[in-house]
Amino acid sequence: MLAQLLDMYAHELCAFVEVKFGSDGRFRYPELSLYWSESVRHPFLLTRESKLAGFALVQQTSQSRKTIPVWDMAEFFVLPEFRLRGIGRTAAHRIWDRFPGSWQVRVMESNLPGLLFWEKAILDYAGERISKVEVMIKGLRWRRFSFEVDAVADPSDSRIPSTT
C-alpha cells in the first residue's frame, strides 16, 4: 500500500523535479524496506474516518557527523481529495508530538504548495521558535525548517497518526 502511495507521490513531484521511474513506469524508493528494519525510521499511514488519506516517513539523521541526531520528515503525502481539510497539519503535529528533540523539514523552493503548507503547519506547532534556512541539495534550492519538540504528549500512544 505504501509503495503505491509513494508512486502517486513521485508522479506529483515530477512537477518540481526530475523523478526516475523503472521501465515498468513504477517509482522505486530504495530505502522503503528500511522503515521496517531500522529503529531510527518510522512509517505512518494517515487516515481520515477509516479511509486512507496519505503517508509520512520519518527518520532520525544528522545534518553532519558532528551534530546531535535530528528527526527528519523524509517524505509526506496527503491524497488530493483529503487536502485543505487540516488532515496533513494534524498528522504532522501528532507525529512531532511522538518524537521529542530537534526536527527538520525540507521542502523544495519550487514546490510552492508544499512550502506554504509546511510553513503554516510548523508555525502553528512551534510558534516563532523555528529557523528557516535556504540550502542547495543536488543543484536544487530547498528550504530547511528547524525547530525543537520539548516533550511527547503521551509516550505510551503507539497508534498510527489518524486525523479522525
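Here, each number is a calculation from the coordinates, and none is a lab measurement. Worth saying up front: this structure is predicted, and the values here are computed from it rather than measured. Note that each Cβ is placed from the backbone with ideal geometry, even for glycine, and that neighbours are counted across all protein chains shown.
Values computed for the structure shown
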read-out: Assigned charges on the beta-carbon of Lys, Arg, Asp, Glu; the chain dipole about Cα centre (debye); value: 220 debye
read-out: Three-way shape label, the chain, alpha-carbon gyration tensor, a/c 1.5; value: rounded
read-out: Most positive-pole-ward Cα, S146, S37, I95, against dipole of the chain from beta carbon charges; value: S146
read-out: At most 13 other Cβ within 10 Å, DSSP loop - trypsin sites (Lys or Arg not before Pro), segment 43-118; value: R65, K66, R85
read-out: Value of [θ]222 nm, deg cm²/dmol, for the chain, DSSP H segments ≥ 4, -39500 (n - 2.57) each, nearest 500; value: -7500 deg cm²/dmol
read-out: Residue among Y125, P80, V107 farthest towards the positive dipole end of segment 31-149, charges placed on Cβ; value: V107
read-out: Pairs of lysines in the chain (C-alpha under 25 Å apart; 8 or more residues apart or interchain); value: 5
read-out: Inter-label distance for E148 and L116, nm, one decimal - labels placed 7 Å from Cα along Cα-to-Cβ; value: 3.2 nm
